[in-house]
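Notes follow once the structure below has been shown.
The values are calculated or read from the model by the stated rules, or taken from the named source; none is laboratory data. These figures come from a predicted structure and were not determined experimentally. Positions of Cβ are backbone-derived with ideal geometry, glycine not excepted, and every protein chain shown enters the neighbour counts.
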Amino acid sequence: MEAARQEQEQKQQTFVHRVDMAHIWVTTEAPGSGKPYKELGDLTYTEPFTPDAIDEAKISDKLKAMAFAKWPDTIDAIVDENQTTSSDGSQITVTAKAIAYDSSVDRDALHHMQDGLTVSQ
């Protein structure tokens, strides 16, 4: 019984992590006007220049993972994503800003969607 409960809790944690990661959006644009937000901080990484290093999906995934590790309960979006290549072409540096909207119904709902639910065997 306890093993089944622990397995269910692990599945729930994995689900919440996936949903939390999915709600974070990444854009090269500035935050939209009309929706108040606060900056959480800067994100930056540098790696060798390869086809994978410039793959937009992989860049987004890496930025999301970095932001989620720093701000798991508050991150909503990653904005102003920018890529620069070193002068010799050997490295790429990616920069962006992590933000949290002042009012995020989606984030709040995600973090509380399992409240009050009972798991039965």
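What the table below lists for this structure:
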item: In the range 67-93, the residues that are of a type outside the set (Ser, Thr, Tyr) and closer than 25 Å to Ser33 by Cβ; result: Ala67, Trp71, Ile75, Asp76, Ala77, Ile78, Val79, Asp80, Glu81, Asn82, Gln83
item: Listing of strands (runs of 3 or more DSSP E) fully contained in the range 31-121 that carry 2 or more residues being at pLDDT 90 or above and touching a Gly at 6+ places or on another chain (Cβ under 9 Å); result: 91-101
item: Residue tally, condition modelled with pLDDT under 85 and in contact with a helix residue (DSSP H, G or I) (Cβ under 7 Å, 6 or more places away or on another chain), over the range 1-30; result: 4
